[in-house]
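The values are calculated or read from the model by the stated rules, or taken from the named source; none is laboratory data. Note that the coordinates shown come from a computational prediction; the quantities given were computed from them, not determined experimentally. All Cβ positions, even for glycine, are placed from backbone atoms using ideal geometry, and neighbour counts span all protein chains on display.
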C-alpha cells in the first residue's frame, strides 16, 4: 500500500495558493463529509452524502484511490475511485452497480480499470482548478498501478436545457464539436478524458435526464486495447 502525497501551487487568476494533494485517512472523515455537504446542498438528499461506513471502506479497501486536497489546513476537495474489470464490449452499467452505491465492496484488487466514484470541491475553492489537479493525480495512480485506464460516467447537467429540441446523442456531439458547453462533460474533456459511450439510466438525475457520458483516460504506457 503506497500513500500518495505531493505539494504544489494552484492559482486563482494570478494569485498562487499552496496546496497538498494526499491520501485521505480516518482523521479526514469530518472534513470529507463537509465537502459533500457544501458541494451538494439541499434539496440534494443528505442521505446521499458520504457516511463513515463508506469512507472507512474507501481507505481500507483501496487507499490508493482515496485522495483529497488540503489548503491551509482545510480540506477543499476530494476524489474517490475503485478498481474494476471493464470490458468495452459490455460498457452499459449504472453508477450504483459499478460503485456498490459508493461502498466499493466490489473493489477488485486485480481489476484493469480505475473507476471514479466521486469528485467534489467546496464552492469557496472552485476557482483554483482543484478538480483538474485531482483528476491528474488519479492518472498518476493509473500509471503507478499499471492499469489500462481511468473510467467514469460524467453527468450531463446541461442537457435539460436542450432535451426538448435534440436527443442526447446530438447534444454530446455538439459538446464534442465545441458548439455547446456542458459543465461536467466539457470539464472532463479539458482533463484529457475521451468518450466511450453514452449510457442511459446511469444515475437518477433530472438535469441529465438520467444520461451520462462514459469517458476514459487510457494509460499511455499500455498500448493494448481492452
Requested in this report: Taking residue 180 as the residue in question, decide whether it is surrounded by 16 or more Cβ atoms within 10 Å (Cβ to Cβ), touching a helix residue (DSSP H, G or I) at 6+ places or on another chain (Cβ under 8 Å), assigned to a loop (DSSP other than H, G, I, E, B) and modelled with pLDDT of 95 or more.
Outcome: yes
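Conditions (1) in contact with a helix residue (DSSP H, G or I) (Cβ under 9 Å, 6 or more places away or on another chain); (2) buried (at least 20 other Cβ atoms within 10 Å of the Cβ), marked per residue:
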{"residue": "8", "(1), (2)": "yes, no"}
{"residue": "18", "(1), (2)": "no, no"}
{"residue": "25", "(1), (2)": "yes, no"}
{"residue": "31", "(1), (2)": "no, no"}
{"residue": "53", "(1), (2)": "no, no"}
{"residue": "65", "(1), (2)": "yes, yes"}
{"residue": "80", "(1), (2)": "yes, yes"}
{"residue": "91", "(1), (2)": "no, no"}
Query - Odd one out for residue 192 among (1) modelled with pLDDT of 95 or more; (2) over 15 Å from the mean Cα position of the chain (by Cα); (3) under 20 Å from residue 138 (Cα atoms); (4) part of a loop (DSSP other than H, G, I, E, B) - result: (2)
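Is there a residue being part of a helix (DSSP H, G or I), out of contact with any strand residue (DSSP E or B) (no Cβ under 9 Å at 6 or more places or on another chain), touching a residue at least 12 places away in the same chain (Cβ under 8 Å) and under 24 Å from residue 48 (Cα atoms) anywhere in the stretch 102-120?
For the stretch 102-120, residues part of a helix (DSSP H, G or I), out of contact with any strand residue (DSSP E or B) (no Cβ under 9 Å at 6 or more places or on another chain), touching a residue at least 12 places away in the same chain (Cβ under 8 Å) and under 24 Å from residue 48 (Cα atoms): absent.
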Requested in this report: Name the one entry in 184, 142 that is over 13 Å from residue 215 (Cα atoms), in contact (Cβ under 8 Å) with a residue 12 or more places away in the chain and in contact with a strand residue (DSSP E or B) (Cβ under 8 Å, 6 or more places away or on another chain).
Outcome: 142
**Report entry** All positions within the stretch 3-45 that are in a loop (DSSP other than H, G, I, E, B) and closer than 17 Å to residue 136 by Cα
**Finding:** 3, 4, 24
Query raised in the report: Which residues, counting only those in the stretch 155-177, are assigned to a helix (DSSP H, G or I) and either touching a strand residue (DSSP E or B) at 6+ places or on another chain (Cβ under 6 Å) or more than 22 Å from residue 218 (Cβ to Cβ) (or both)?
Result: 159, 160, 161, 168, 169, 170, 171, 172, 174
Report task. Examine the stretch 16-36 for a residue that is within 18 Å of residue 128 (Cα to Cα), more than 20 Å from the chain's Cα centre (by Cα) and in contact (Cβ under 8 Å) with a residue 24 or more places away in the chain, and state whether such a residue exists. Result -> yes
Query raised in the report: Only one of (1) in contact with a strand residue (DSSP E or B) (Cβ under 8 Å, 6 or more places away or on another chain); (2) not in a helix (DSSP H, G or I) is not met by residue 133, so which one is it?
Result: (2)
Query raised in the report: Is it true that some residue in the stretch 41-51 is more than 17 Å from residue 119 (Cα to Cα) and either at pLDDT 95 or above or not assigned by TED's automatic domain parsing to the domain that holds residue 120 (or both)?
Result: no
